[in-house]
Amino acid sequence: MIIAVDGPTASGKGTIAKALAAHFGLPHLDTGLLYRAVGRQCFIDGGDPDDIADALAACAFPDSLLGDPELRSEATGGLASRVSVHPAVRQALYKRQRSFATQPSGAVLDGRDIGTVIAPEAEVKLFVIASVPARAERRFREMEQAGREASLESIAADLEERDRRDATRAAAPLLAAEDAVVLDTSLLSRDEAIARAIALVDLIR
Ligand code: C5P
């Protein structure tokens with residue numbers, strides 16, 4: 001069984017994907033982390049994330065970079081969203097995601113284009129959404145716990161900017177697959193969202 005979990009940043013898709021993987025005993029890939037690694041590598045190289053050649057060169061990041069805590073930062077998320085605009089970058093990361101999705105055990109992948117591009121044949125496609133205020137509030141609390149400072153307004157502005165870039169890019173824009181089920185987590189607690197997702201998978205598969 002392949003489970004595709006797509007949606008915007010801080011919608012709860014990562015938490016849901018991880019919980020589904022644990023519940024159904026499937027391996028999980030957070031594909032955003034790959035784009036974050038490219039953005040981070042581009043920054044380390046002193047490259048320009050908007051430049052195709054610089055972004056493409058950064059796709060050769062070492063696997064050790066995937067463990068770097070800096071990948072989770074808002075700044076790296078912004079860089080990821082800039083390098084992910086280039087079709088050549090998406091192509092360079094395609095094979096890795098595709099082999100993960102098609103391994104015999106099945107898999108859970110979360111990202112932006114899993115149900116539309118990486119695994120259009122997935123048995124289950126969830127499109128996880130939440131309002132900007134709900135997402136900003138969650139991100140704010142996460143950052144507070146991590147001891148990092150940020151204002152709710154600047155987080156909300158960053159989210160909207162990233163949504164706009166992800167939804168309007170020509171290559172694999174953030175878009176629900178036609179056969180995806182939309183799960184709105186705005187008013188749900190973490191546990192409620194997970195329970196709802198598990199129930200949906202049981203219903204669909
Ligand atoms: O999900 P996450 O916030 O970690 O993703 C960071 C950025 O990587 C997103 O804003 C998006 O631009 C890009 N991305 C993508 N396709 C994916 C996963 C992430 O373009 N499958």
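None of the figures in this text is laboratory data; all of them are computed from the coordinates on show. These figures come from a predicted structure and were not determined experimentally. Note: ideal-geometry Cβ built from the backbone for every residue, glycine included; neighbour counts use all protein chains shown.
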**OP:** For S73, state whether it is within 12 Å of the ligand (Cβ to nearest atom) and either under 17 Å from R164 (Cβ atoms) or touching a strand residue (DSSP E or B) at 6+ places or on another chain (Cβ under 6 Å) (or both).
**Re:** no
**OP:** Answer yes or no as to whether G67 is at positive phi and either more than 9 Å from the ligand (Cβ to nearest atom) or surrounded by fewer than 21 Cβ atoms within 10 Å (Cβ to Cβ) (or both).
**Re:** no
Original post:
Does region 143-176 hold any residues that are within 13 Å of the ligand (Cβ to nearest atom) and over 15 Å from P133 (Cα atoms), and which are they?
Top reply: R164, R165, D166, A167, T168, R169, A170, A171, A172, P173, L174, L175
Subject >> Selection within region 4-54 - closer than 20 Å to S73 by Cβ, over 14 Å from the mean Cα position of the chain (by Cα), in contact (Cβ under 8 Å) with a residue 12 or more places away in the chain and outside any helix (DSSP H, G or I) >> reply: D45, P49, D50
**OP:** Would you point out which residue out of L71, L79, L93 is free of Cβ contacts under 8 Å to residues at least 40 places away in the same chain, assigned to a helix (DSSP H, G or I) and not basic (K, R)?
**Re:** L71
**OP:** Within region 172-205, track down each residue that is under 18 Å from T9 (Cβ atoms) and part of a loop (DSSP other than H, G, I, E, B).
**Re:** A172, P173, L174, L175, A176, A180, T185, S186, L188
Subject >> Pick from region 189-205, criterion under 14 Å from V128 (Cα atoms) and in contact (Cβ under 8 Å) with a residue 24 or more places away in the chain, ranking: surrounded by the fewest Cβ atoms within 10 Å (Cβ to Cβ) >> reply: R190
Subject >> region 99-129, subset surrounded by 18 or more Cβ atoms within 10 Å (Cβ to Cβ) and among the charged types (D, E, K, R), residue farthest from the ligand (Cβ to nearest atom) >> reply: K125
